[in-house]
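For reference, the structure discussed in these notes is given below.
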Amino acid sequence: MSSKLPLLALTLALLAAPSYAQVTVADAWVRGTVATQKATGAFMNLTSATDSALVSASSPIAGLVEVHEMSMDGGVMRMRAIPQLPLPAGRTVNLKPGGYHVMLMDLKGPLKEGETVPITLTFVGKDGRKTTQDVQAPVRALTAPAGMPHH
Ligand SMILES: [Cu+2]
């Protein structure tokens, strides 16, 4: 029996309903830094049309960029790099101070309010296909409130 038919059916199904990541990025911003500071966080809201995940990010202003999770661990706030941030279809995932964030490390210089930081996000869809998306994130002052701004 030929194994080509099921494969063809699968291919057609994938074509009919694209499973690659289609992600809307909203309200992106980067926390400003002082001269000696070598790392900061980028925050945004991500909404994916399909089940996908944020797997990596990069920026020309940082030598190293990671996706981080901040959580309570024995009463202490800790952050750690995570291999991927799942984005369930249709649900907005908030990257915010105290939670998930894109960590910009090995900064090439201080980031001042009014500047814009280009960030390239890489998403992977259910089918394993990677897509990238460029974001222009404005820098907010270091003293900006840490909570979720809502207008
Ligand atoms: Cu971090």
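Nothing in this text is a laboratory measurement; each read-out follows from the coordinates by a stated rule. For clarity, every value in this text was computed on a predicted model and none was experimentally measured.
Straight-line cross-link reach from LYS96 at under 20 Å between alpha-carbon atoms covers these aspartates and glutamates, not counting any fewer than eight positions away in the same chain: ASP27, GLU66, GLU69, ASP73, GLU113, GLU115, ASP134. The lysines within cross-link reach of LYS38, meaning a Cα-to-Cα straight distance under 18 Å and a gap of 8 or more places when in the same chain, are LYS108, LYS112. The alpha carbon radius of gyration of region 20-65, expressed as a multiple of 2.2 N^0.38 Å, is 1.40. Both radii are taken from the alpha-carbon atoms of region 36-87; with Rh as the Kirkwood radius, Rg/Rh is 1.01. Computed from the Cα positions only, the extents of region 18-109 along the three principal axes stand at 45, 36, 22 Å, in decreasing order. Backbone amide hydrogens, once placed in the peptide plane, bring ALA89 within less than 5 Å of ASP51, SER52, excluding anything fewer than 5 places away on its chain.
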